[in-house]
Amino acid sequence: MVFLHGLKFHHQTHEEQIAAAELEKQQLINQANDYMNSKQWPGKAAIGRLKGDELAQYNLWLDYLDALELVDTSGAPDIEWPTPPAVQAR
């Protein structure tokens, strides 16, 4: 326990920091997949209907997912998270 201004705080162990980072990583992956699915990009790509700007955006999001998958959480809490692509309004 750590005390600061008379308040008691739980000091996270390295294992807890790694677990928290893994949870954050999975949440970011889920958010990216949810966004891509909301645009119906995977289905459109599967049948060859993804073109132009949509295709470029889909590829940026796929690159972001790849970067998330490569994040090494063993260095938590010092993790450099990839930046998601800009969300474009339709």
Looking only at region 32-76, which residues are within 29 Å of residue 11 (Cβ to Cβ) and surrounded by 12 or more Cβ atoms within 10 Å (Cβ to Cβ)?
68, 71, 73, 75, 76
Region 17-31, subset surrounded by 15 or more Cβ atoms within 10 Å (Cβ to Cβ) and touching a Ser or Thr at 6+ places or on another chain (Cβ under 7 Å), residue nearest to residue 85 (Cα to Cα)
25
Pairs, please: C-beta under 9 Å, at least 6 apart or cross-chain, first residue closer than 13 Å to residue 72 by Cα and in region 13-28, second small (Gly, Ala, Ser) and surrounded by fewer than 14 Cβ atoms within 10 Å (Cβ to Cβ)?
18/74; 18/75; 21/74; 21/75
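Throughout, read-outs are computed from the coordinates displayed, never taken from laboratory work. Keep in mind it's a predicted model, so treat the numbers as computed, not measured. Virtual Cβ from ideal backbone geometry, glycine too; neighbours counted across all protein chains shown.
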